[in-house]
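Participant: Structure provided below as structure tokens; questions to follow.
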Amino acid sequence: MSTGNETLASSRYAFRRHFYQHAGFRYIASKQPQSEQLSVNKYETSKDICQQLECYFGDKKLGFDNYGQQIAKQVVSAIATESIAPKRLLNLGCSVGRVAFELSQHFQHIDAVDFSARTIQYGVQLQSGGSVRYTDTIEGDICQFNEVFLADKVKGACSERVLFNQADGCNLKNKFNHYDVVLIQHALEQSYDPKRLLENAKSRLNPLGLLIIISDYNYQLQTTEKSKWLSGIKINGENVSGIDALTNQLSDDFEQILVTDLTRVITDSARNFNVSNCHLSVWRAL
């Protein structure tokens with residue numbers, strides 16, 4: 001603090017007026033009771049996240065059923081056809097959690113895993129009884145505000161059976177094991193090492209369990225090095241498609257049960273949509 005010795009050469013404070021001089025500090029204790037913090041439920045505005053939320057929780061688009069419901073129907077049909085005990089399921093690439101909630105009506109326990117915490121946070125939010133808010137582009141800067149409640153979208157959901165985890169599908173912990181069904185939901189094309197993820201998923205299955213793979217086989221260099229693509233490449237001059245690659249990787253240990261198509265609609269705006277014809281294949285462990 002200032003001592004007033006302005007005549008001394010060492011008293012530089014007089015020439016540095018931007019330095020505040022403090023004689024002391026006072027502490028004040030309020031007698032007002034502390035108010036409860038109000039939870040803030042903001043609208044998600046990130047376009048890629050909003051598109052995922054609309055894809056899985058939005059209404060029917062272009063005549064096609066909700067994508068999460070399409071997936072769940074195929075999984076339920078497969079376990080019924082193959083007489084699989086619906087006890088434990090691993091959902092790799094669970095995104096915002098719609099498929100896990102749909103299947104919670106049939107499985108006793110579901111581990112819903114995604115590489116991105118940004119997406120699974122909305123599944124956790126719905127699981128806790130809260131709502132999820134997001135925007136949907138109508139045209140240009142005009143947008144629609146949406147609010148989703150789990151009870152409205154999946155009326156029979158047993159959300160307590162779902163456990164969300166942020167994890168790397170290529171490097172799962174040992175606790176993720178002994179599953180009757182492993183569902184790889186667009187995790188292959190989003191992985192930095194698809195072959196390693198596939199091998200890891202296979203090792204988590206019970207004997208005679210089902211491996212269900214959903215993919216559009218659209219590998220991107222930003223995510224996956226070309227040397228690690230499973231398909232969309234040429235080997236010894238021969239074209240290798242998505243289902244060819246899966247057959248090469250799985251035929252020694254699995255029997256192919258079913259191959260079918262699903263239609264995924266990603267909304268860009270009210271009049272613009274990206275439509276993907278995604279492949280669903282079902283494999284039974286030998």
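The values are calculated or read from the model by the stated rules, or taken from the named source; none is laboratory data. It should be emphasised that the depicted structure is a prediction, and the values quoted were computed from it without experimental measurement. For neighbour counting, all protein chains shown are included, and Cβ atoms are generated from backbone atoms with ideal geometry for every residue, glycine included. These area figures cover heavy atoms from the full protein model, side chains too; ligands, DNA and RNA do not enter into them. Shrake-Rupley method; radii C 1.70, N 1.55, O 1.52, S 1.80 Å.
Participant: How about the stretch 276-286: which of its residues are aliphatic (A, V, I, L, M) and loosely packed, with under 13 Cβ neighbours inside 10 Å? Step through it out loud before you land on a result.
Facilitator: Filtering the stretch 276-286 for residues aliphatic (A, V, I, L, M) gives 280, 282, 285-286.
Of everything in the stretch 276-286, just one residue is aliphatic (A, V, I, L, M) and loosely packed, with under 13 Cβ neighbours inside 10 Å, namely Leu286.
Participant: In the stretch 252-275, how many are surrounded by 16 or more Cβ atoms within 10 Å (Cβ to Cβ), of a type outside the set (Lys, Arg) and either within 23 Å of Tyr134 (Cβ to Cβ) or free of Cβ contacts under 8 Å to residues at least 12 places away in the same chain (or both)?
Facilitator: 4
Participant: Oh, and also: State yes or no: is Gln249 of a type outside the set (Gly, Ala, Ser) and either within 18 Å of the chain's Cα centre (by Cα) or over 19 Å from Leu92 (Cα atoms) (or both)? Show your work before the answer.
Facilitator: Numbers: of a type outside the set (Gly, Ala, Ser): yes; either within 18 Å of the chain's Cα centre (by Cα) or over 19 Å from Leu92 (Cα atoms) (or both): no.
Considered against the rule, which asks whether it is of a type outside the set (Gly, Ala, Ser) and either within 18 Å of the chain's Cα centre (by Cα) or over 19 Å from Leu92 (Cα atoms) (or both), Gln249 comes out as no.
Participant: With (1) assigned to a loop (DSSP other than H, G, I, E, B); (2) out of contact with any helix residue (DSSP H, G or I) (no Cβ under 9 Å at 6 or more places or on another chain) as the list, and Lys234 as the residue in question, which single condition is left unmet?
Facilitator: Answer for Lys234: the failing condition is (1).
Participant: When both residues are 6+ apart or on different chains and their Cβ atoms are under 8 Å apart, which pairs have a first residue that lies in the stretch 185-196 and is among the hydroxyl-bearing types (Ser, Thr, Tyr), and a second that is open to solvent by less than 30 Å² (accessible area, probe 1.4 Å) and assigned to a loop (DSSP other than H, G, I, E, B)?
Facilitator: Between residues of the stretch 185-196 that are among the hydroxyl-bearing types (Ser, Thr, Tyr) and residues that are open to solvent by less than 30 Å² (accessible area, probe 1.4 Å) and assigned to a loop (DSSP other than H, G, I, E, B), the close pairs are Ser191/Gly169; Ser191/Cys170; Ser191/Thr224; Tyr192/Cys170; Tyr192/Thr224.
Participant: Can you pull out the residues in the stretch 40-56 that are among the aromatic types (Phe, Trp, Tyr) and surrounded by fewer than 17 Cβ atoms within 10 Å (Cβ to Cβ)? I'd like the intermediate steps shown before the answer.
Facilitator: Our first condition is that a residue be among the aromatic types (Phe, Trp, Tyr); within the stretch 40-56, this holds for 43, 56.
Within the stretch 40-56, just Tyr43 meets the criteria.
Participant: Go over the candidates Ile184, Ile233, Ile214 one by one and state the one that is among the β-branched types (Val, Ile, Thr) and more than 21 Å from the chain's Cα centre (by Cα).
Facilitator: Working: Ile184 fails: more than 21 Å from the chain's Cα centre (by Cα); Ile214 fails: more than 21 Å from the chain's Cα centre (by Cα).
So the residue among Ile184, Ile233, Ile214 that is among the β-branched types (Val, Ile, Thr) and more than 21 Å from the chain's Cα centre (by Cα) is Ile233.
Participant: Looking at Glu160, Glu199, Glu189, can you tell me which residue is among the charged types (D, E, K, R), modelled with pLDDT of 95 or more and under 30 Å from Val40 (Cα atoms)? Give the derivation first.
Facilitator: Values: Glu199 fails: under 30 Å from Val40 (Cα atoms); Glu189 fails: under 30 Å from Val40 (Cα atoms).
Matching residue, one of Glu160, Glu199, Glu189: Glu160.
Participant: Let me ask something else about it. Among (1) part of a loop (DSSP other than H, G, I, E, B); (2) at pLDDT below 90, which single condition is Asp59 missing?
Facilitator: Among (1) part of a loop (DSSP other than H, G, I, E, B); (2) at pLDDT below 90, Asp59 violates only (2).
Participant: Could you please give the count of residues in the stretch 126-139 that are over 17 Å from Gly58 (Cβ atoms) and without any contact (Cβ under 8 Å) to a residue 60 or more places away in the chain?
Facilitator: 3
Participant: When you scan the stretch 69-151 for strands (runs of 3 or more DSSP E) that lie fully inside it, which ones turn up with 2 or more residues that are open to solvent by 70 Å² or more (accessible area, probe 1.4 Å), closer than 30 Å to Leu208 by Cβ and modelled with pLDDT of 95 or more? Spell out the reasoning first.
Facilitator: Numbers: elements: 88-92, 109-114, 131-139, 142-149.
Once the strands (runs of 3 or more DSSP E) in the stretch 69-151 are filtered for at least 2 residues that are open to solvent by 70 Å² or more (accessible area, probe 1.4 Å), closer than 30 Å to Leu208 by Cβ and modelled with pLDDT of 95 or more, nothing remains.
Participant: Something else about it: Return the total of residues in the stretch 68-116 being in contact with an Asp or Glu (Cβ under 9 Å, 6 or more places away or on another chain), free of Cβ contacts under 8 Å to residues at least 40 places away in the same chain and small (Gly, Ala, Ser).
Facilitator: 2
Participant: If I filter the stretch 20-39 down to residues being open to solvent by 100 Å² or more (accessible area, probe 1.4 Å) and at pLDDT below 70, which single residue comes out as farthest from the chain's Cα centre (by Cα)?
Facilitator: His22
Participant: Every residue in the stretch 57-67 that is more than 11 Å from Ile214 (Cβ to Cβ) and surrounded by 16 or more Cβ atoms within 10 Å (Cβ to Cβ), please.
Facilitator: Within the stretch 57-67, the subset more than 11 Å from Ile214 (Cβ to Cβ) is 57-66.
Result: Phe57, Gly58, Lys61, Asn66.
Participant: Mind listing just one residue for me: the one in the stretch 193-228 that is in contact with a helix residue (DSSP H, G or I) (Cβ under 7 Å, 6 or more places away or on another chain) and assigned to a loop (DSSP other than H, G, I, E, B) and, of those, least open to solvent (accessible area, probe 1.4 Å)?
Facilitator: Within the stretch 193-228, the first condition is being in contact with a helix residue (DSSP H, G or I) (Cβ under 7 Å, 6 or more places away or on another chain), and the residues that meet it are 193-195, 198, 210-215, 217, 224, 228.
Okay, now just the ones that are also assigned to a loop (DSSP other than H, G, I, E, B), so 193, 217, 224.
On the way: Asp193: 28, Tyr217: 47, Thr224: 0 Å².
Here the answer is Thr224.
Participant: Let me ask something additional. Can you name every residue in the stretch 165-192 that is open to solvent by 30 Å² or more (accessible area, probe 1.4 Å), aromatic (Phe, Trp, Tyr) and outside any loop (DSSP other than H, G, I, E, B)? Working first, answer last.
Facilitator: Step one: list which residues in the stretch 165-192 are open to solvent by 30 Å² or more (accessible area, probe 1.4 Å), which gives 166, 168, 171, 173-175, 177-178, 190, 192.
Still in the running and aromatic (Phe, Trp, Tyr): 192.
None - no residue of the stretch 165-192 is open to solvent by 30 Å² or more (accessible area, probe 1.4 Å), aromatic (Phe, Trp, Tyr) and outside any loop (DSSP other than H, G, I, E, B), so the list stays empty.
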